[in-house]
Amino acid sequence: MRAAGFTGIEDTEALAEGWQVTDFADAGRRSLAKLVQQTGTPAVMVSFLDSDVGFIEALTPDGSSWEGLLNRETAESYEIPPEHFPIEPAVAGALAWSAAAGLTPDEEAIRQALTGSALFAEELSSALLVALGLPGAT
């Protein structure tokens, strides 16, 4: 991850089947793309704004990508326009990403994570990882 431009890397949790979840402080403009290129595997990244809002970016080695927003209601209070993160393309992208990763997603749970509200956006991020089908995610 460092070679891809991520900084402040800490608290890596190994999941099943080689997946992992890693906390990091910052990422460069193309860090996710570099990471996917280096590893040859799909990756999803969630960047948090004060634990209130999460910005999702996901990419596969073939260049397919999707993005989404977590905690939409709270995002509006930050004047982040949710319409810039439409639900249906995010759900479709998440399902395609998950399939490309060889996972079994739960469409309804993905939709709930992308439309739900929580005190902390990290709660929705965890729910999203489970919904995407990451083995061992909680």
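Below, the figures for the structure above:
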item	result
Region 59-87, residues that are part of a helix (DSSP H, G or I), within 21 Å of residue 123 (Cα to Cα) and either open to solvent by 60 Å² or more (accessible area, probe 1.4 Å) or of a type in the set (Gly, Ala, Ser) (or both)	73, 75, 76, 77
Sole exception among (1) assigned to a helix (DSSP H, G or I); (2) open to solvent by 50 Å² or more (accessible area, probe 1.4 Å); (3) without any contact (Cβ under 8 Å) to a residue 60 or more places away in the chain for residue 102, by number	(1)
Residue among 36, 44 that is in contact (Cβ under 8 Å) with a residue 12 or more places away in the chain, part of a strand (DSSP E or B) and not hydroxyl-bearing (Ser, Thr, Tyr)	44
Inter-residue pairs, beta-carbon under 8 Å, first over 18 Å from residue 98 (Cα atoms) and free of Cβ contacts under 8 Å to residues at least 12 places away in the same chain and in region 7-20, second β-branched (Val, Ile, Thr) and part of a strand (DSSP E or B), 6+ apart	12/21; 12/22; 13/21; 13/22
Condition met for residue 74 (in contact (Cβ under 8 Å) with a residue 12 or more places away in the chain and over 22 Å from residue 43 (Cβ atoms))	yes
Flag if residue 127 is open to solvent by 10 Å² or more (accessible area, probe 1.4 Å) and either free of Cβ contacts under 8 Å to residues at least 40 places away in the same chain or hydroxyl-bearing (Ser, Thr, Tyr) (or both)	yes
Residues of region 1-49 that turn out to be in contact with a helix residue (DSSP H, G or I) (Cβ under 7 Å, 6 or more places away or on another chain) and either open to solvent by 50 Å² or more (accessible area, probe 1.4 Å) or on the phi > 0 side of the Ramachandran plot (or both), as a count	6
Tally of residues being modelled with pLDDT of 95 or more and of a type in the set (Val, Ile, Thr) across region 21-38	1
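The rows are residues; the columns are (1) aliphatic (A, V, I, L, M); (2) under 16 Å from residue 41 (Cα atoms); (3) in contact with a His (Cβ under 7 Å, 6 or more places away or on another chain).
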position	(1), (2), (3)
78	no, no, no
84	no, no, no
88	no, no, no
97	no, yes, no
105	no, no, no
113	yes, no, no
117	no, no, no
120	no, no, no
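Yes/no per residue for (1) more than 25 Å from residue 12 (Cβ to Cβ); (2) among the small types (Gly, Ala, Ser); (3) more than 15 Å from the chain's Cα centre (by Cα):
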{"site": "50", "(1), (2), (3)": "no, no, yes"}
{"site": "58", "(1), (2), (3)": "no, yes, no"}
{"site": "61", "(1), (2), (3)": "no, no, yes"}
{"site": "72", "(1), (2), (3)": "yes, no, no"}
{"site": "79", "(1), (2), (3)": "yes, no, yes"}
{"site": "115", "(1), (2), (3)": "yes, no, no"}
{"site": "122", "(1), (2), (3)": "no, no, no"}
{"site": "127", "(1), (2), (3)": "no, yes, no"}
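The values are calculated or read from the model by the stated rules, or taken from the named source; none is laboratory data. Computed from a predicted model, the values in this text were never measured in an experiment. Ideal geometry is used to build each Cβ from the backbone, glycine not excepted, and the neighbour counts take in all protein chains shown. These accessible areas exclude ligands, DNA and RNA; they are computed on the full protein's heavy atoms, side chains included. Shrake-Rupley method; radii C 1.70, N 1.55, O 1.52, S 1.80 Å.
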